[in-house]
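**Student:** Okay, handing you the structure first.
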Amino acid sequence: LKDQFDNLDKHTQWGIDFLEKYAKFVKERIEIEQNYAKQLRNLVKKYCPKRSPKDEEPRFTSCIAFFNILNELNDYAGQREVVAEEMGHRVYGELMRYSHDLKTERKMHLQEGRKAQQYLDMCWKQMDNSKKKFERECREAEKAQQSYERLDNDTNATKADVEKAKQQLNLRTHMADENKNEYAAQLQNFNGEQHKHYYIVIPQIYKQLQEMDERRTIKLSECYKGFADSERKVIPIISKCLEGMILAAKSVDEHRDSQLVIDCFKSGFEPPGDFPFEDYSQNIYRTISDGTISTPKQEGMRIDSKTTVGKAKGKLWLFGKKPKPQSPPLTPTSLYTSSTPNGSQYPIFSIEPVHYCMSDIKTGKPRIPSFRSLKRGYFHLQGPALEDFSHLPPEQRRKKLQQRIDELNRELQKETDQKDALIKMKDVYEKNPQMGDPSSLQPKLTETMSNMDRLRMEIHKNEAWLSEVEGKVAARSDRRHSSDINHLVTQGRESPEGSYTDDANQEVRGPPQQHAHPTEFDDEFEDDDPLPAIGHCKAIYPFDGHNEGTLAMKEGEILYIIEEDKGDGWTRARRHNGEEGYVPTSYIDVTLEKNSKGA
């Protein structure tokens, strides 16, 4: 390799180019990993739910599993970013630094080689110049010798010419000897420098270039290994991400999802009741058979069926109009006959005619729907939800109120802890005045106490609403259970005709039967039974009362209070003539009676 300096120059340049080529490959791989991780994160962000309140978060196991898979995929994207970062720091960055150092080292070695070669060339030129000068002086000395010999042999030449030619010969001979000595010295010096160049300087430079190239090869090997290690380090975490996805898939429970749907949409409403049997054959005189006992038909107690049918109109129900069960008309079959021990018989009226008459009396005045229904209609047009969630079905309203009470209790606990901390800090300040002024904590303590009072009032108000909802749900459940029992008893004791059996021996008078029809009003209507007055009020301002369910009043008019304001700004009142409705609380001066519940 002593004469292959140019080839080594090309080879080392190729090695550096290959190193940079591999560094470019790693850089593009890093960009691929970064773009892949970015696209994965964008995909996760696209399909992740927006930040929503707790009560709106999906609770279905399939949704939770999908979101867990998205979280695992997001972690997987993070591991791809780790791979890119590791490759960039351990491989690409190291390659670029080493390439810069390699170029600097190669440049230095090549410069040293070129300097040595230039020095050798300079020595050769000096030797060559001395050689040429020695050769020229030798030729001049030969010419001077020939001229001296020619003049010395010439008899016609003068003695002065011969002496002059002799002096010239001696001068040229002396100069030739000096150039000979100089040439010999330059030759010896060149030979030494040439030996040193080819046996010491150039081999040392070539050895340095060889070590540099070997280090480049080793560095490439280390980068190849680091490239693979960057991927291998994240394999355990990626495996955990995949295992998390599998566990999320196994956590899907179809039965739980179905139960969540049931709980979510469970309204608490009762299904529509059975349509009662309306006997239009009461006008037909039935013949009295020998084996039956009957009572004369009472014309005065017959009720027109149109009245009962009309009562079921005008009431909204879950699936349109809810059929209102009617009480049966007063007929001979509504009368029972009992025998006394002496054999005499006397008619016994059942409770059904009385119930019917009371229902008829109640329907004599127009029904006043509750203000809750008015509020629902208003907020249906004006806004989404009410504070007491009265726009929701009973079961959903109960859940919402319970959630709000839990949240308020948590806030109250935080305020309580803050109050305790402020009190302790105030005690510390009072014992150690240098630590702080105790009076500076009073505004914050007052604010905390105010917040606690406000939260307690909110909790009390929501608990009242919750008790109201739970009471109504329980009442409906009890009424339905009692109605079902009465319906079964009625079917077991009465004959298909609705009176009694044909066998006189089996006829025993039972207790008064009640019709097993559902309650007349659901959650959207209040009971029509007259409510007791709990106080009175005086109208401060006049009120027109154009909306349905409201009560018009004049300034100074005295009204009975039958239901307090529940926080919605309306109070239920009644006139002396029995007309009821809602009036604005701010329009009246309310005076509640003591022991109003028993008034």
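The values are calculated or read from the model by the stated rules, or taken from the named source; none is laboratory data. What you see is a predicted model, and the numbers here were worked out from it, not measured in a lab. Virtual Cβ from ideal backbone geometry, glycine too; neighbours counted across all protein chains shown. These accessible areas exclude ligands, DNA and RNA; they are computed on the full protein's heavy atoms, side chains included. Shrake-Rupley method; radii C 1.70, N 1.55, O 1.52, S 1.80 Å.
**Student:** Please determine, by comparing only the residues of the range 512-541 that are open to solvent by 80 Å² or more (accessible area, probe 1.4 Å) and closer than 16 Å to Asp589 by Cβ, which one is modelled with the highest pLDDT.
**Tutor:** Of everything passing the filter in the range 512-541, Lys538 is modelled with the highest pLDDT.
**Student:** Can you name the number of the only condition in (1) of a type in the set (D, E, K, R); (2) touching a residue at least 40 places away in the same chain (Cβ under 8 Å); (3) closer than 24 Å to Gly113 by Cβ that Lys196 fails?
**Tutor:** Lys196 satisfies all of (1) of a type in the set (D, E, K, R); (2) touching a residue at least 40 places away in the same chain (Cβ under 8 Å); (3) closer than 24 Å to Gly113 by Cβ except (2).
**Student:** Going by the structure shown, is Ser251 touching a Ser or Thr at 6+ places or on another chain (Cβ under 9 Å) and open to solvent by 40 Å² or more (accessible area, probe 1.4 Å)? Steps first, answer last, please.
**Tutor:** Values: touching a Ser or Thr at 6+ places or on another chain (Cβ under 9 Å): yes; open to solvent by 40 Å² or more (accessible area, probe 1.4 Å): yes.
When the stated conditions are applied, Ser251 passes them.
**Student:** Within the range 1-17, can you find the residues that are part of a helix (DSSP H, G or I) and in contact (Cβ under 8 Å) with a residue 40 or more places away in the chain?
**Tutor:** Phe5, Leu8, Asp9, His11, Thr12, Gln13, Gly15, Ile16
Results for (1) in contact with a Pro (Cβ under 9 Å, 6 or more places away or on another chain); (2) without any contact (Cβ under 8 Å) to a residue 60 or more places away in the chain; (3) open to solvent by 30 Å² or more (accessible area, probe 1.4 Å), shown as yes or no for each residue.
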{"residue": "Gly545", "(1), (2), (3)": "no, yes, no"}
{"residue": "Leu551", "(1), (2), (3)": "no, yes, no"}
{"residue": "Lys554", "(1), (2), (3)": "yes, yes, yes"}
{"residue": "Arg574", "(1), (2), (3)": "yes, yes, yes"}
{"residue": "Thr585", "(1), (2), (3)": "no, yes, yes"}
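**Student:** Another question, then. Please give the number of the condition Gln39 fails out of (1) closer than 30 Å to Arg256 by Cα; (2) open to solvent by 90 Å² or more (accessible area, probe 1.4 Å); (3) polar (S, T, N, Q).
**Tutor:** Failed condition: (1).
**Student:** On to the next question. Quick check, is Tyr429 in contact with a strand residue (DSSP E or B) (Cβ under 9 Å, 6 or more places away or on another chain) and either modelled with pLDDT under 85 or in a helix (DSSP H, G or I) (or both)?
**Tutor:** Working: in contact with a strand residue (DSSP E or B) (Cβ under 9 Å, 6 or more places away or on another chain): no; either modelled with pLDDT under 85 or in a helix (DSSP H, G or I) (or both): yes.
For Tyr429, the condition - in contact with a strand residue (DSSP E or B) (Cβ under 9 Å, 6 or more places away or on another chain) and either modelled with pLDDT under 85 or in a helix (DSSP H, G or I) (or both) - is not met.
**Student:** Hey, can you tell me all the residues within the range 540-571 that are touching a helix residue (DSSP H, G or I) at 6+ places or on another chain (Cβ under 7 Å) and not in a loop (DSSP other than H, G, I, E, B)?
**Tutor:** Phe543, Trp570, Thr571 - these are the residues of the range 540-571 that are touching a helix residue (DSSP H, G or I) at 6+ places or on another chain (Cβ under 7 Å) and not in a loop (DSSP other than H, G, I, E, B).
**Student:** I would also like to ask the following. Could you name every one of the helices (runs of 4 or more DSSP H) located completely within the range 200-285 that has at least 1 residues being touching a residue at least 24 places away in the same chain (Cβ under 8 Å) and within 20 Å of Tyr98 (Cβ to Cβ)?
**Tutor:** 202-233
**Student:** Out of the residues in the range 186-220 meeting the condition of being over 30 Å from Leu95 (Cβ atoms) and charged (D, E, K, R), tell me which one is surrounded by the fewest Cβ atoms within 10 Å (Cβ to Cβ).
**Tutor:** Per the criteria, the residue is Lys196.
Conditions (1) assigned to a helix (DSSP H, G or I); (2) open to solvent by 90 Å² or more (accessible area, probe 1.4 Å); (3) outside the structural domain of Pro203 (by the TED database), marked per residue:
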{"site": "Tyr119", "(1), (2), (3)": "yes, yes, no"}
{"site": "Ser130", "(1), (2), (3)": "yes, no, no"}
{"site": "Arg136", "(1), (2), (3)": "yes, yes, no"}
{"site": "Ala157", "(1), (2), (3)": "no, no, no"}
{"site": "Ala165", "(1), (2), (3)": "yes, no, no"}
{"site": "Ala176", "(1), (2), (3)": "yes, no, no"}
{"site": "Asn181", "(1), (2), (3)": "yes, yes, no"}
{"site": "Ala184", "(1), (2), (3)": "yes, no, no"}
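**Student:** Let me ask you something else. Taking the range 424-449 as the region of interest, how many residues are among the aromatic types (Phe, Trp, Tyr) and either touching a Leu at 6+ places or on another chain (Cβ under 6 Å) or on the phi > 0 side of the Ramachandran plot (or both)?
**Tutor:** Applying the first criterion (among the aromatic types (Phe, Trp, Tyr)) to the range 424-449 yields 429.
Filter once more, keeping what is either touching a Leu at 6+ places or on another chain (Cβ under 6 Å) or on the phi > 0 side of the Ramachandran plot (or both): none.
The total comes to 0.
**Student:** If you don't mind, another one. Which pairs do you get when a residue that is farther than 16 Å from Tyr224 by Cβ, found in the range 83-112, comes within reach of a residue that is open to solvent by 80 Å² or more (accessible area, probe 1.4 Å) and among the hydrophobic types (A, V, I, L, M, F, W, C), reach meaning Cβ atoms under 9 angstrom, with the pair 6+ apart or on two chains?
**Tutor:** Ala84/Ile32
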